[in-house]
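Input: a single structure, listed below in structure tokens.
The values are calculated or read from the model by the stated rules, or taken from the named source; none is laboratory data. Because the structure is a prediction, the values reported are computed rather than measured. All Cβ positions, even for glycine, are placed from backbone atoms using ideal geometry, and neighbour counts span all protein chains on display.
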Amino acid sequence: MTKVLSLLVLASLSTNAAESSRIQPSAPMVEQILPQSWTAGQNVRVTLWGEFLDRALALQFDTDTLAGSVVDSSFTKATVQISIASTTPLGLHRLHLTTPRGSSNAFHFRVT
């Protein structure tokens, strides 16, 4: 009985150690965006630099008057096409880039 109990305890410890040692995927991180200022009523091609940007799927904005699509992406760079409606409020806005690893940090840009 003692040997069985010891084996169960060891098996439980091994399972917990294996679960805690799994590599967690890194979320995408946007560090720079160019151009940083966009004009309302225009379409603009924008480049994002950072880490874990590969396989980018979509963009999320803080307003429905901004829309975008991913043109291309690699580990450190994503190129996106942004449509800025003429009704977009002027000032500071934010975006998130979505990849299979999750959503990036909020990155700010300006609409003029």
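If the requirement is being buried (at least 17 other Cβ atoms within 10 Å of the Cβ) and not in a strand (DSSP E or B), which of these qualifies: LEU53, LEU48, LEU59, LEU95?
Working: LEU48 fails: not in a strand (DSSP E or B); LEU59 fails: not in a strand (DSSP E or B); LEU95 fails: not in a strand (DSSP E or B).
Matching residue, one of LEU53, LEU48, LEU59, LEU95: LEU53.
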Problem set entry | Condition met for ALA67 (crowded, with 17+ Cβ neighbours inside 10 Å and either assigned to a strand (DSSP E or B) or touching a strand residue (DSSP E or B) at 6+ places or on another chain (Cβ under 7 Å) (or both)) | no
- Query: Just a yes or no: is a residue in the range 7-27 in a loop (DSSP other than H, G, I, E, B), modelled with pLDDT of 90 or more and surrounded by 10 or more Cβ atoms within 10 Å (Cβ to Cβ)?
  - Reply: yes
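If a residue has to be surrounded by 14 or more Cβ atoms within 10 Å (Cβ to Cβ) and not in a loop (DSSP other than H, G, I, E, B) to count, how many in the range 81-92 make the cut?
Kept after step one, since they are surrounded by 14 or more Cβ atoms within 10 Å (Cβ to Cβ), are these residues of the range 81-92: 81-85, 88.
Still in the list and also not in a loop (DSSP other than H, G, I, E, B): 81-84.
Count: 4.
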